[in-house]
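First comes the structure, then the notes that go with it.
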Ligand SMILES: [Zn+2]
């Protein structure tokens with residue numbers, strides 16, 4: 001496999017696994033935060049597939065209808081990934097604020113915290129790998145996908161904070177109740 005495709009595959013496989021894990025644990029404990037994060041991971045798979053297609057198209061040799069090659073597709077796809085990232089970041093930011101203010105009364109357990117911490121670490125590793133290969137091969141698409149991973153890592157951090165706040169609220173409530 002060409003080196004440029006490796007981070008994209010890591011991203012697709014990694015996100016599918018993270019999505020399954022988050023959805024499974026999320027549904028098991030009825031955690032909206034984890035389910036939402038799992039759905040987000042599924043949407044990340046779509047972004048990475050777009051990135052994969054973008055790299056394929058932009059690396060195609062010139063043909064009759066594109067005599068200068070297809071390299072101009074690359075900034076376009078990188079831009080598209082950036083736009084998707086912007087929309088998702090906005091929605092996550094908004095949801096996190098609602099979640100912290102609203103503070104749903106659900107039990108937070110070690111498994112839920114563990115999945116979230118795992119997600120933060122996995123995404124940070126995916127960021128570093130993608131950005132490393134992206135800079136080395138000068139691939140704007142890989143760099144865009146990398147920064148998406150970093151933002152996901154931060155959004156999972158927000159989920160972790162949200163879960164922590166929920167747990168604190170629950171403890172307070174239990175103390176006042178007794
Ligand atoms: Zn994402």
Worksheet item: residue 130 versus (1) buried (at least 21 other Cβ atoms within 10 Å of the Cβ); (2) within 16 Å of the ligand (Cβ to nearest atom); (3) at pLDDT below 90: which is the lone unmet condition?
Response: (3)
Worksheet item: Just checking, how many residues over segment 40-60 are modelled with pLDDT under 85 and surrounded by fewer than 19 Cβ atoms within 10 Å (Cβ to Cβ)?
Response: 3
Worksheet item: With 152, 172 as the choices, which residue is out of contact with any strand residue (DSSP E or B) (no Cβ under 8 Å at 6 or more places or on another chain), within 16 Å of the ligand (Cβ to nearest atom) and either in a helix (DSSP H, G or I) or farther than 18 Å from residue 9 by Cβ (or both)?
Response: 152
Worksheet entry | Which numbered condition residue 107 misses (of (1) assigned to a helix (DSSP H, G or I); (2) at pLDDT below 80) | (1)
Discussion item. Given the condition surrounded by fewer than 18 Cβ atoms within 10 Å (Cβ to Cβ) and either within 16 Å of the ligand (Cβ to nearest atom) or in contact (Cβ under 8 Å) with a residue 24 or more places away in the chain (or both), answer yes or no: does some residue in segment 137-145 qualify?
Written reply: yes
Worksheet item: Going through segment 43-66 one residue at a time, which ones are within 16 Å of the ligand (Cβ to nearest atom) and either in contact (Cβ under 8 Å) with a residue 60 or more places away in the chain or in contact with a helix residue (DSSP H, G or I) (Cβ under 8 Å, 6 or more places away or on another chain) (or both)?
Response: 43, 44, 45, 47, 48, 49, 50, 51, 52
Item to complete: Take residue 25 and decide whether it is under 17 Å from residue 123 (Cβ atoms), at pLDDT 85 or above, under 21 Å from the mean Cα position of the chain (by Cα) and more than 16 Å from the ligand (Cβ to nearest atom).
Response: yes
Practice prompt. Go over the candidates 33, 19 one by one and state the one that is more than 14 Å from the ligand (Cβ to nearest atom), assigned to a helix (DSSP H, G or I) and surrounded by 17 or more Cβ atoms within 10 Å (Cβ to Cβ).
Written response: 33
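The values are calculated or read from the model by the stated rules, or taken from the named source; none is laboratory data. None of the values given here were measured: they were computed from a predicted structure. Don't worry about glycine lacking a Cβ; one is built from the backbone with ideal geometry, like all the others, and counts go over all protein chains shown.
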